[in-house]
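Let me begin by presenting the structure, written as C-alpha coordinates, before commenting on it.
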Amino acid sequence: MTLTSSIPVRTRLARKQRRTGMPKWVLIGAEVLVPVLLLAWWWFASAGSTNAFFPPLKTILERLVALAGTPVFWGNVGSSVGNLILSFVLASVLGVVFGIVLGSVKWLSWLIEPTIHFFRAIPPVALVPIFVSLIGFGNETRILSITLSAFFPVLISTIDGIHALDPDRVSVGRIYRLSWWDRIFSVAIPEASPRILSGMQVSLIVAFVVMIASEMLGSSNGLGAATLIAQQSFMIADMWVGILVLGVLGYVATALFTLFRRSMLRWYIQIRQQEKNL
(Lines give C-alpha, C1' and ligand atoms only; values in the text may rest on other atoms or scores of the structure.)
Protein backbone atom coordinates (compact mmCIF):
# COMPACT_ATOMS: atom_id res chain seq x y z
CA MET A 1 0.00 0.00 0.00
CA THR A 2 2.64 2.47 -1.02
CA LEU A 3 1.31 6.00 -1.37
CA THR A 4 3.68 7.48 -3.89
CA SER A 5 7.40 7.34 -4.38
CA SER A 6 8.67 10.40 -6.21
CA ILE A 7 11.90 9.90 -8.13
CA PRO A 8 14.77 12.01 -6.80
CA VAL A 9 15.48 15.02 -8.97
CA ARG A 10 19.04 14.00 -9.66
CA THR A 11 18.03 10.50 -10.77
CA ARG A 12 15.22 11.90 -12.92
CA LEU A 13 17.61 14.26 -14.68
CA ALA A 14 20.07 11.43 -15.23
CA ARG A 15 17.37 9.33 -16.86
CA LYS A 16 16.31 12.23 -19.08
CA GLN A 17 19.92 12.80 -20.04
CA ARG A 18 20.36 9.13 -21.03
CA ARG A 19 17.15 9.19 -23.08
CA THR A 20 17.72 12.52 -24.81
CA GLY A 21 21.50 12.73 -24.86
CA MET A 22 21.31 16.34 -23.67
CA PRO A 23 23.59 17.82 -21.01
CA LYS A 24 22.08 18.36 -17.58
CA TRP A 25 22.38 22.15 -17.78
CA VAL A 26 20.24 22.17 -20.94
CA LEU A 27 17.47 20.23 -19.17
CA ILE A 28 17.59 22.52 -16.13
CA GLY A 29 17.55 25.57 -18.39
CA ALA A 30 14.49 24.23 -20.20
CA GLU A 31 12.66 23.72 -16.90
CA VAL A 32 13.38 27.34 -15.96
CA LEU A 33 12.58 28.71 -19.41
CA VAL A 34 9.06 27.24 -19.65
CA PRO A 35 7.60 29.29 -16.72
CA VAL A 36 9.32 32.42 -18.06
CA LEU A 37 7.74 31.87 -21.49
CA LEU A 38 4.32 31.29 -19.91
CA LEU A 39 4.60 34.56 -17.97
CA ALA A 40 5.66 36.37 -21.13
CA TRP A 41 2.71 34.92 -23.00
CA TRP A 42 0.38 35.97 -20.17
CA TRP A 43 1.84 39.50 -20.22
CA PHE A 44 1.25 40.04 -23.95
CA ALA A 45 -2.03 38.10 -24.14
CA SER A 46 -3.59 40.14 -21.35
CA ALA A 47 -2.03 43.50 -22.28
CA GLY A 48 -5.14 44.84 -24.00
CA SER A 49 -7.70 43.00 -21.87
CA THR A 50 -10.91 44.86 -21.05
CA ASN A 51 -12.42 41.93 -19.19
CA ALA A 52 -12.97 42.97 -15.57
CA PHE A 53 -12.29 39.42 -14.38
CA PHE A 54 -9.08 39.01 -16.42
CA PRO A 55 -7.01 42.17 -15.88
CA PRO A 56 -3.61 42.66 -17.55
CA LEU A 57 -0.69 40.99 -15.83
CA LYS A 58 0.92 44.43 -15.55
CA THR A 59 -2.02 45.61 -13.41
CA ILE A 60 -1.78 42.52 -11.20
CA LEU A 61 1.95 42.98 -10.62
CA GLU A 62 1.51 46.67 -9.86
CA ARG A 63 -1.12 45.76 -7.29
CA LEU A 64 1.20 43.12 -5.84
CA VAL A 65 3.90 45.75 -5.33
CA ALA A 66 1.39 48.06 -3.66
CA LEU A 67 0.08 45.35 -1.33
CA ALA A 68 3.60 44.20 -0.48
CA GLY A 69 4.15 47.54 1.20
CA THR A 70 1.33 47.03 3.68
CA PRO A 71 1.57 45.19 7.02
CA VAL A 72 -1.79 43.50 6.38
CA PHE A 73 -0.37 41.63 3.39
CA TRP A 74 2.61 40.29 5.32
CA GLY A 75 0.36 39.47 8.25
CA ASN A 76 -1.72 37.25 5.96
CA VAL A 77 1.42 35.64 4.53
CA GLY A 78 2.80 35.01 8.02
CA SER A 79 -0.49 33.52 9.22
CA SER A 80 -0.68 31.09 6.29
CA VAL A 81 2.98 30.08 6.40
CA GLY A 82 2.94 29.71 10.19
CA ASN A 83 -0.14 27.46 10.16
CA LEU A 84 1.31 25.40 7.31
CA ILE A 85 4.68 24.83 8.99
CA LEU A 86 3.24 24.07 12.43
CA SER A 87 0.59 21.69 11.09
CA PHE A 88 3.01 19.93 8.74
CA VAL A 89 5.56 19.38 11.51
CA LEU A 90 2.88 18.06 13.88
CA ALA A 91 1.45 15.75 11.21
CA SER A 92 4.92 14.45 10.30
CA VAL A 93 5.98 13.76 13.89
CA LEU A 94 2.70 12.10 14.83
CA GLY A 95 2.57 10.13 11.58
CA VAL A 96 6.09 8.76 12.01
CA VAL A 97 5.60 7.88 15.69
CA PHE A 98 2.26 6.12 15.22
CA GLY A 99 3.48 4.55 11.98
CA ILE A 100 6.49 3.00 13.70
CA VAL A 101 4.32 1.62 16.49
CA LEU A 102 1.69 0.19 14.14
CA GLY A 103 4.31 -1.11 11.72
CA SER A 104 6.24 -2.84 14.50
CA VAL A 105 3.20 -4.46 16.12
CA LYS A 106 1.69 -6.36 13.21
CA TRP A 107 -1.47 -7.54 14.93
CA LEU A 108 -2.25 -3.96 15.96
CA SER A 109 -1.61 -2.78 12.42
CA TRP A 110 -3.91 -5.49 11.05
CA LEU A 111 -6.59 -4.40 13.52
CA ILE A 112 -6.46 -0.65 12.89
CA GLU A 113 -5.54 -0.35 9.20
CA PRO A 114 -9.15 -0.67 7.89
CA THR A 115 -10.15 2.30 10.05
CA ILE A 116 -7.11 4.26 8.88
CA HIS A 117 -7.98 3.70 5.23
CA PHE A 118 -11.59 4.65 5.85
CA PHE A 119 -10.62 8.07 7.20
CA ARG A 120 -7.90 8.45 4.57
CA ALA A 121 -10.49 7.98 1.83
CA ILE A 122 -12.45 11.03 3.04
CA PRO A 123 -11.44 14.11 0.97
CA PRO A 124 -9.32 16.29 3.27
CA VAL A 125 -11.23 19.46 2.39
CA ALA A 126 -14.47 17.79 3.52
CA LEU A 127 -13.14 17.68 7.08
CA VAL A 128 -12.88 21.46 7.36
CA PRO A 129 -16.64 22.20 7.78
CA ILE A 130 -16.88 19.46 10.41
CA PHE A 131 -14.16 21.03 12.57
CA VAL A 132 -15.65 24.47 12.07
CA SER A 133 -19.03 23.16 13.32
CA LEU A 134 -17.51 21.39 16.33
CA ILE A 135 -14.81 23.84 17.42
CA GLY A 136 -15.59 27.15 15.79
CA PHE A 137 -13.70 29.54 13.51
CA GLY A 138 -10.54 29.99 15.58
CA ASN A 139 -6.97 29.43 14.46
CA GLU A 140 -6.98 26.16 16.41
CA THR A 141 -9.60 24.82 14.00
CA ARG A 142 -7.40 25.53 11.01
CA ILE A 143 -4.33 23.94 12.60
CA LEU A 144 -6.31 20.84 13.63
CA SER A 145 -7.85 20.50 10.16
CA ILE A 146 -4.50 20.79 8.38
CA THR A 147 -2.73 18.47 10.83
CA LEU A 148 -5.30 15.70 10.64
CA SER A 149 -5.51 15.88 6.86
CA ALA A 150 -1.73 15.74 6.48
CA PHE A 151 -1.36 13.02 9.11
CA PHE A 152 -2.56 10.03 7.09
CA PRO A 153 -0.07 10.13 4.17
CA VAL A 154 2.86 10.11 6.63
CA LEU A 155 1.24 7.42 8.77
CA ILE A 156 0.57 5.03 5.88
CA SER A 157 3.97 5.52 4.25
CA THR A 158 5.70 4.91 7.60
CA ILE A 159 3.73 1.70 8.16
CA ASP A 160 4.63 0.57 4.63
CA GLY A 161 8.29 1.39 5.24
CA ILE A 162 8.41 -0.61 8.48
CA HIS A 163 6.62 -3.57 6.89
CA ALA A 164 9.10 -3.54 3.99
CA LEU A 165 12.21 -3.79 6.18
CA ASP A 166 14.79 -6.35 5.13
CA PRO A 167 14.28 -9.35 7.47
CA ASP A 168 18.01 -10.09 7.41
CA ARG A 169 18.88 -6.65 8.79
CA VAL A 170 16.25 -6.97 11.47
CA SER A 171 17.66 -10.38 12.42
CA VAL A 172 21.19 -8.99 12.60
CA GLY A 173 20.00 -6.33 15.02
CA ARG A 174 18.44 -8.98 17.23
CA ILE A 175 21.54 -11.18 17.05
CA TYR A 176 23.67 -8.28 18.27
CA ARG A 177 21.08 -7.73 21.01
CA LEU A 178 20.38 -4.15 20.05
CA SER A 179 17.72 -2.51 22.15
CA TRP A 180 14.34 -1.71 20.62
CA TRP A 181 15.27 1.97 20.41
CA ASP A 182 18.59 1.18 18.70
CA ARG A 183 16.86 -1.09 16.17
CA ILE A 184 14.31 1.64 15.42
CA PHE A 185 16.79 4.52 15.02
CA SER A 186 19.71 2.54 13.54
CA VAL A 187 17.88 0.10 11.28
CA ALA A 188 14.17 0.77 10.83
CA ILE A 189 14.04 4.54 10.30
CA PRO A 190 17.07 4.78 7.95
CA GLU A 191 15.82 1.92 5.76
CA ALA A 192 12.23 3.19 5.75
CA SER A 193 13.21 6.83 5.24
CA PRO A 194 12.67 6.87 1.43
CA ARG A 195 9.03 5.87 1.88
CA ILE A 196 8.57 8.10 4.92
CA LEU A 197 9.87 11.15 3.08
CA SER A 198 7.73 10.33 0.05
CA GLY A 199 4.70 10.28 2.34
CA MET A 200 5.79 13.58 3.85
CA GLN A 201 5.99 15.10 0.39
CA VAL A 202 2.39 14.07 -0.30
CA SER A 203 1.46 15.33 3.16
CA LEU A 204 2.92 18.76 2.38
CA ILE A 205 0.74 19.09 -0.72
CA VAL A 206 -2.37 18.00 1.21
CA ALA A 207 -1.54 20.42 4.04
CA PHE A 208 -1.19 23.31 1.59
CA VAL A 209 -4.58 22.61 -0.04
CA VAL A 210 -6.38 22.25 3.30
CA MET A 211 -4.67 25.39 4.61
CA ILE A 212 -6.25 27.42 1.80
CA ALA A 213 -9.67 25.78 2.25
CA SER A 214 -9.67 26.27 6.03
CA GLU A 215 -8.84 29.97 5.63
CA MET A 216 -11.72 30.43 3.20
CA LEU A 217 -14.29 29.20 5.73
CA GLY A 218 -15.14 31.82 8.32
CA SER A 219 -11.65 33.29 8.64
CA SER A 220 -10.39 36.82 8.10
CA ASN A 221 -6.69 35.94 8.35
CA GLY A 222 -4.44 34.25 5.84
CA LEU A 223 -3.97 34.39 2.09
CA GLY A 224 -6.93 32.10 1.43
CA ALA A 225 -9.27 34.42 3.32
CA ALA A 226 -7.78 37.53 1.68
CA THR A 227 -8.24 36.00 -1.79
CA LEU A 228 -11.86 35.06 -1.10
CA ILE A 229 -12.68 38.45 0.41
CA ALA A 230 -11.15 40.17 -2.63
CA GLN A 231 -13.27 38.03 -4.96
CA GLN A 232 -16.47 38.72 -3.00
CA SER A 233 -15.67 42.46 -2.98
CA PHE A 234 -14.98 42.47 -6.75
CA MET A 235 -11.37 43.53 -6.15
CA ILE A 236 -10.27 41.29 -9.00
CA ALA A 237 -6.64 42.45 -9.14
CA ASP A 238 -6.27 41.68 -5.42
CA MET A 239 -7.80 38.27 -6.01
CA TRP A 240 -5.25 37.51 -8.73
CA VAL A 241 -2.48 38.70 -6.43
CA GLY A 242 -3.62 36.20 -3.81
CA ILE A 243 -3.67 33.40 -6.37
CA LEU A 244 -0.17 34.25 -7.62
CA VAL A 245 1.29 34.49 -4.11
CA LEU A 246 -0.30 31.17 -3.13
CA GLY A 247 1.19 29.57 -6.24
CA VAL A 248 4.64 30.95 -5.43
CA LEU A 249 4.40 29.79 -1.81
CA GLY A 250 3.37 26.31 -2.93
CA TYR A 251 6.27 26.13 -5.37
CA VAL A 252 8.79 27.37 -2.80
CA ALA A 253 7.52 24.94 -0.14
CA THR A 254 7.80 22.01 -2.56
CA ALA A 255 11.26 23.07 -3.75
CA LEU A 256 12.58 23.47 -0.19
CA PHE A 257 11.24 20.08 0.82
CA THR A 258 12.75 18.51 -2.31
CA LEU A 259 16.15 19.89 -1.32
CA PHE A 260 15.67 18.61 2.23
CA ARG A 261 14.61 15.19 0.96
CA ARG A 262 17.55 15.00 -1.41
CA SER A 263 20.03 15.88 1.34
CA MET A 264 18.52 13.32 3.72
CA LEU A 265 18.54 10.59 1.06
CA ARG A 266 21.93 11.36 -0.43
CA TRP A 267 23.17 7.89 0.57
CA TYR A 268 20.11 6.27 -1.00
CA ILE A 269 20.50 8.19 -4.26
CA GLN A 270 24.16 7.18 -4.48
CA ILE A 271 23.29 3.50 -3.93
CA ARG A 272 20.59 3.63 -6.62
CA GLN A 273 22.98 5.23 -9.08
CA GLN A 274 25.67 2.64 -8.36
CA GLU A 275 23.15 -0.16 -8.93
CA LYS A 276 22.11 1.38 -12.25
CA ASN A 277 25.75 1.66 -13.37
CA LEU A 278 26.43 -2.01 -12.73
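The values are calculated or read from the model by the stated rules, or taken from the named source; none is laboratory data. Computed from a prediction, not measured in an experiment: that's the story for all the values here. Heads up, the Cβs are rebuilt from the backbone with ideal geometry, glycines too, and the neighbour counts pull from every protein chain shown.
Taken together, LEU57, LEU111, LEU102 contain a single residue that is more than 22 Å from the chain's Cα centre (by Cα), buried (at least 16 other Cβ atoms within 10 Å of the Cβ), more than 23 Å from THR141 (Cα to Cα) and without any contact (Cβ under 8 Å) to a residue 24 or more places away in the chain, which is LEU57. When the criteria are applied in full, GLY21 meets the requirement of being within 23 Å of ILE269 (Cα to Cα) and either at pLDDT 90 or above or more than 29 Å from the chain's Cα centre (by Cα) (or both). Could you tell me whether VAL34 is β-branched (Val, Ile, Thr), at pLDDT 85 or above and either in contact with a Leu (Cβ under 7 Å, 6 or more places away or on another chain) or assigned to a helix (DSSP H, G or I) (or both)? Here the answer is no, as VAL34 does not meet what is asked. In a residue-by-residue description of segment 221-236, the property of being over 30 Å from ILE135 (Cα atoms) and β-branched (Val, Ile, Thr) applies to at least one position. Being touching a Gly at 6+ places or on another chain (Cβ under 9 Å) and closer than 30 Å to SER104 by Cβ is true for just one of ALA213, ALA230, ALA188. Which residue is that? One residue alone meets the criteria, ALA188. Just one of the listed residues (VAL154, VAL172, VAL125) is modelled with pLDDT under 75 and among the β-branched types (Val, Ile, Thr), namely VAL172. Residues that are in contact (Cβ under 8 Å) with a residue 24 or more places away in the chain, assigned to a helix (DSSP H, G or I) and touching a Lys or Arg at 6+ places or on another chain (Cβ under 9 Å) do not occur anywhere in segment 165-183. Comparison of GLY247, GLY242 shows that the only residue that is touching a Leu at 6+ places or on another chain (Cβ under 6 Å), at pLDDT 85 or above and not basic (Lys, Arg) is GLY242.
Of all residues in segment 134-161, those that are under 13 Å from VAL206 (Cα atoms) and in a helix (DSSP H, G or I) have Cβ atoms under 9 Å from Cβ atoms of residues that are modelled with pLDDT under 90 and charged (D, E, K, R), 6 or more apart or on another chain, in PHE152/ARG120; PRO153/ARG120.
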